[in-house]
Amino acid sequence: MLSREDNELLTRIGPGTPMGELMRRYWLPALLSSEIPTPDCPPIRVRLLGEDLLAFRDTRGAVGLLEAACPHRGASLFFGRNEDCGLRCVYHGWKFDVSGQCVEMPNEPAESDFKHKVRAVAYPCQERNGVVWTYLGPAELQPGFPELEWATVPPEQSYGSKRLQECNWAQAMEGGIDSSHISFLHRDKDRDDPTLTRKGSAATKYITGDGAPQFEIVPTEYGMLIGARRKAEEDSHYWRITQWIFPWYTMIPAAGDIPIGGHAWVPIDDEHTWTWSFNWHPSRPFSDEELSTMQAGMGIHCELIPGTFRPVRNKSNDYGIDRDWQASGRSFTGIKGLSEQDAGIQESMGPIFDRSRERLGSTDAAIIQARRRLLTAASDLQKGIDPPALDPAGYRVRSAGLLLPRSAYNWPELARERVQAIPGVFTASA
Ligand code: FES
Ligand SMILES: [Fe+2]
């Protein structure tokens with residue numbers, strides 16, 4: 001459990017909060033490139049870490065991310081005109097380029113140089129594999145771009161989606177760290193998904209066969225390497241090896257030669273989260289079947305209400321729970337879809353879960369350590385100590401599922417090569 005004070009520290013992420021200041025030192029996935037598909041298309045609202053922003057793509061294709069309020073008198077630039085390499089406020093015509101510089105001020109005398117002195121708050125953007133990333137921290141402290149494998153493989157080997165989650169980021173992310181819940185929450189006897197697990201696969205058998213995995217955690221510079229050991233065959237253990245990476249990334253091992261998965265749990269504000277889901281294959285393009293599965297919102301992705309990022313099965317309809325299906329035992333939850341199962345149960349904890357009321361067990365060890373690392377990093381930053389995991393190369397890791405002899409206790413060593421993201425090299429997991 002956490003004290004009330006630490007719970008506040010962990011969950012509050014707005015400007016000026018210790019956790020918010022920590023998060024602002026990292027690059028973050030902000031929106032899909034497809035939300036601003038063409039030059040001079042309409043700007044869109046983006047809310048991140050409690051800040052109201054606007055994204056637009058200018059005439060040359062460059063992406064801008066500006067504070068929504070116009071620096072003149074605060075009108076929303078959402079209503080602005082995206083034209084001739086800038087976004088023009090429709091109140092008095094001031095126009096800003098992607099860097100935030102005011103480039104036109106048509107309601108001031110032509111000889112005035114006031115426009116040169118006005119800048120909108122603007123954040124740098126980079127596009128990788130269909131995702132626009134940004135950095136909300138101090139410009140002089142901007143780190144290199146994190147070399148996450150899904151952002152660096154060729155585009156035909158990577159797929160990303162996002163969904164709105166109606167709860168605090170930390171309880172969402174803790175679900176991603178927690179390798180124990182998959183034996184229960186995600187137990188669906190009929191699941192046969194080319195991006196997740198094939199019906200009757202060995203990994204599924206081991207995961208459902210042993211609901212009480214032993215956890216071992218190796219602290220690393222980027223965060224943690226987490227080994228969850230389950231009984232497999234008579235003489236072997238199934239090790240599900242995942243990473244938690246500062247400040248909000250979690251990874252999911254592939255079972256066989258299928259895409260690897262990962263999530264980013266990025267706060268919109270204290271009570272809402274963008275849950276990003278990524279699949280990638282290190283060494284080959286997706287098959288048509290894999291791609292169409294992801295696009296249909298299956299696997300770790302989610303079926304969305306068209307034109308929105310709100311799941312079809314959401315809080316307002318109890319995630320479509322089918323009590324007969326649940327009672328039949330074919331599905332543990334009666335809720336269709338992995339994402340919906342996760343979202344449903346995480347949102348059911350309330351907008352911001354009060355961790356002073358929880359009772360943690362041994363399988364919560366990784367969650368306990370991740371919280372501790374985050375709280376320490378946030379309070380260190382207040383004392384002027386730089387955050388961990390700012391080295392772009394530190395992100396070159398991937399998850400793995402391994403079958404190891406029961407006598408093997410040095411799993412981090414045995415898994416060493418399998419958890420490195422070596423470009424183009426992939427050994428299928430158990
Ligand atoms: S408020 Fe935007 S130009 Fe006046
Ligand atoms: Fe889950």
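Points to keep in mind about this one:
- Across the options 339, 395, 19, the greatest Cα extent toward the positive end of the charge dipole of the chain (unit charges at beta carbon of Lys, Arg, Asp, Glu) belongs to 339.
- Here the contact order of segment 116-241, divided by its residue count and restricted to Cα pairs under 8 Å and six or more residues apart, works out to 12 percent.
- Sorting 254-260, 395-401 by average packing, meaning the other beta carbons within 10 Å per residue, from highest down gives 395-401, 254-260.
- Distance between the modelled labels on residue 318 and residue 288, one decimal in nanometres: 4.1 nm (7 Å Cα→Cβ projection).
- Projected-area mean, segment 36-156, by convex hull of Cα positions, square nanometres: 8.4 nm²
- Accessible area of residue 117 in the full protein assembly, 1.4 Å probe (Å², nearest 10): 150 Å²
- Size of electric dipole in segment 276-394: Cβ of Lys, Arg +1 and of Asp, Glu -1, about Cα centre, debye, nearest 20: 420 debye
- Cα-Cα pairs of the chain separated by more than 34 Å (percent): 33 percent
- Alpha-carbon centroid distance for the pair segment 49-119 / segment 389-419, whole angstrom: 47 Å
- Set 199/336; 189/231; 162/205; 162/231 screened for pairs whose C-alpha atoms are more than 26 Å apart: 162/205; 162/231
- For the chain, adding -39500 (n - 2.57) for each run of n ≥ 4 DSSP H residues and dividing by the number of residues yields -5000 deg cm²/dmol at 222 nm.
- Calculated FRET value between residue 79 and residue 295, using beta carbons and R₀ = 30 Å, to 0.05: 0.40
- Using a Förster distance of 45 Å, the FRET efficiency for residue 116-residue 354 (Cβ separation, nearest 0.05): 0.35
- Among the protein heavy atoms, those of residue 235 account for about 100 Å² of accessible surface (1.4 Å probe, every chain in place).
- Taking the charge dipole of segment 222-305 about its Cα centre, with +1 at Lys and Arg Cβ atoms and -1 at Asp and Glu Cβ atoms, the residue from 278, 296, 247 reaching farthest to the positive side is 247.
- In the distance distribution for segment 26-91, Cα-Cα pairs more than 14 Å apart total 53 percent.
- Tensor-based shape of segment 155-307 (alpha-carbon gyration tensor, a/c under 1.5 rounded, otherwise prolate or oblate): oblate
- Put a plus charge on the Cβ of each Lys and Arg, a minus charge on the Cβ of each Asp and Glu, and nothing anywhere else: the dipole of segment 210-280 about its Cα centre is then about 100 debye.
- Size of electric dipole in the chain: Cβ of Lys, Arg +1 and of Asp, Glu -1, about Cα centre, debye, nearest 20: 560 debye
- For segment 205-308, the solvent-accessible area with a 1.4 angstrom probe is 33 square angstrom per residue.
- Rg(Cα) / (2.2 N^0.38 Å) computed for segment 178-238, rounded to two decimals: 1.24
- FRET efficiency, 1/(1 + (r/R0)^6) with R0 30 Å, evaluated for residue 156 and residue 393 via beta carbons: 0.80
- Furthest towards positive pole of dipole, 110, 319, 309, structure part the chain, Cβ charges: 319
- The chain, relative contact order in percent, only Cα pairs under 8 angstrom and at least six apart counted: 19 percent
- Straight-line cross-link partners of residue 315 among the aspartates and glutamates, defined as a Cα under 16 Å from its Cα and at least 8 positions apart when in the same chain: 166, 271, 303, 340, 342, 347.
- Local charge for residue 358 was computed over the other residues whose Cβ lies under 13 Å away, with Lys and Arg +1 and Asp and Glu -1, and equals 0.
The values are calculated or read from the model by the stated rules, or taken from the named source; none is laboratory data. None of the values given here were measured: they were computed from a predicted structure. Here Cβ is always computed from backbone atoms with ideal geometry, including for glycine, and neighbour counts include all displayed protein chains. All accessible areas refer to the heavy atoms of the entire protein, side chains included, with ligands and DNA or RNA removed. Shrake-Rupley method; radii C 1.70, N 1.55, O 1.52, S 1.80 Å.
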